[in-house]
Amino acid sequence: MAITETTLWTVEKELWVENRLGLHARPVAKIATAAQQFDADITLEKEGLVVNARDLLDVLALDCPQGTRLVLRTRGPQAREAATSITSLFARKFEET
């Protein structure tokens, strides 16, 4: 029986909610959709509360107005790609102002 070694990357990034309306339904749906595209465990943390980024209601429950600090953690074979994708959403302010 062969043993296959898989590299599991772990990425942690600090994110800031910069769009004026904060994380409401549309931005959270973009986060959840992006998270579902990758083979990685993806979480968001706010003030010690950690939620699965794929779970729309859990992310909404974080209550993140403009100026909120979050920690994104990704772990798995596609952790780097997942972190890049989600970080990009925040950097583009979810295509909002």
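Computed quantities for the displayed model
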| read-out | value |
| --- | --- |
| Relative contact order (%) - the chain, alpha-carbon pairs under 8 angstrom, separation at least six | 44 |
| Label corresponding to mean projected area of the Cα convex hull in nm² when calculated from the structure given, among (i) 6.4; (ii) 7.8; (iii) 9.5 | (i) |
| Solvent accessible area, Å² - Asp41, 1.4 Å probe, full protein context | 100 |
| Accessible surface of segment 41-97, 1.4 Å probe, proportion on carbon and sulfur as whole % | 49 |
| Dipole moment magnitude, nearest 20 debye, the chain about Cα centre, only Lys, Arg, Asp, Glu C-beta charged | 260 |
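The values are calculated or read from the model by the stated rules, or taken from the named source; none is laboratory data. Bear in mind that the values here come from a model prediction, so they are computed numbers and not experimental data. Every residue, glycine as well, gets a Cβ built from its backbone with ideal geometry; the counts of neighbours run over all protein chains shown. The area values use the complete protein model at the heavy-atom level, side chains included, leaving out ligands, DNA and RNA. Shrake-Rupley method; radii C 1.70, N 1.55, O 1.52, S 1.80 Å.
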